[in-house]
Amino acid sequence: MDAALPPWRRVAKALEERIADGTYPKGSQLPGAVPLSVEFGVAPSTVAKAVRDLKSRGLLIASPGWGTFVA
């Protein structure tokens, strides 16, 4: 990953790449913020910011009470 990017952007980029390569196919549920934060070595709030960015770009959708899914 590009170390020049802020941490939330690196997480967003990695998740976007996983969506593009089919690791997270359309309709699949993303892991929660805590497991992703452990994986990426960042705070859960950093993951949340990355997820908000991907939602704003239409790549993810939230289903309150159910989770976040690939659009």
* Top-ranked residue in the stretch 12-24 [being without any contact (Cβ under 8 Å) to a residue 12 or more places away in the chain and not small (Gly, Ala, Ser); ranked as surrounded by the fewest Cβ atoms within 10 Å (Cβ to Cβ)] -> Asp21
* Does any residue of the stretch 29-42 turn out to be part of a helix (DSSP H, G or I), open to solvent by 60 Å² or more (accessible area, probe 1.4 Å), among the acidic types (Asp, Glu) and out of contact with any Pro (no Cβ under 6 Å at 6 or more places or on another chain)? -> yes
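Conditions (1) among the basic types (Lys, Arg); (2) modelled with pLDDT under 95; (3) open to solvent by 50 Å² or more (accessible area, probe 1.4 Å), marked per residue:
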residue	(1), (2), (3)
Ala3	no, yes, yes
Arg10	yes, no, yes
Lys26	yes, no, yes
Pro44	no, no, yes
Ala48	no, no, no
* To do: Filter the stretch 43-71 for residues that are in a loop (DSSP other than H, G, I, E, B) and out of contact with any helix residue (DSSP H, G or I) (no Cβ under 9 Å at 6 or more places or on another chain) and give the result.
  => Gly58, Pro64, Gly65, Trp66
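The values are calculated or read from the model by the stated rules, or taken from the named source; none is laboratory data. Small disclaimer: the values here were computed from a predicted structure and weren't measured. Methodologically, a virtual Cβ is constructed for each residue, glycine included, from the backbone with ideal geometry; neighbour enumeration extends over all protein chains shown. Note: areas computed on protein heavy atoms with side chains; ligands, DNA, RNA excluded. Shrake-Rupley method; radii C 1.70, N 1.55, O 1.52, S 1.80 Å.
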